[in-house]
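Visitor: Quick one: this structure, given as structure tokens, is what I'll be asking you about.
The values are calculated or read from the model by the stated rules, or taken from the named source; none is laboratory data. Not measured: the values here are computed from a predicted model. Virtual Cβ from ideal backbone geometry, glycine too; neighbours counted across all protein chains shown.
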Amino acid sequence: MKAKIPYRYRNILFALIMSGTTSLIVSAIIIFTHAHTNGRFIATWLLAFSTAWPIVFAAILVIAPQVHRLLDVIVDEARK
């Protein structure tokens, strides 16, 4: 069995993966809808992504705990 990453890194890994995928999708859509005719879609997209990813990563690290607390208040604990 392969070694797994310790649980204490779960929140950081969540933020890393979530911010990366979100930034890729959102930056692609924005670049495509606003600048897809310039023939430099990939280069422009990667620049936008590399700018957005660290910002989204930091935002998720800061915002996620508050969202989890809010959900604890408004979502029923009972599982189906």
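Visitor: Any residue in segment 1-21 that is touching a residue at least 12 places away in the same chain (Cβ under 8 Å) sitting within a Cβ distance under 8 Å of a residue that is small (Gly, Ala, Ser)? List the pairs, counting only those 6 or more apart or interchain.
Guide: Asn11/Ala64; Phe14/Ala64; Ala15/Ala64; Ser19/Ala59
Visitor: Could you grab me the full set of residues in segment 31-80 that are under 14 Å from the mean Cα position of the chain (by Cα) and either hydroxyl-bearing (Ser, Thr, Tyr) or at pLDDT below 85 (or both)?
Guide: Passing the criteria: Ser50, Thr51.
Visitor: Six or more apart or on different chains, Cβ atoms under 6 Å: show the pairs whose first residue is in segment 41-57 and in contact (Cβ under 8 Å) with a residue 24 or more places away in the chain and under 14 Å from Gly20 (Cβ atoms) and whose second is of a type in the set (Val, Ile, Thr) and part of a helix (DSSP H, G or I).
Guide: Taking only residues 6 or more apart or on different chains, the pairs are Val56/Thr22.
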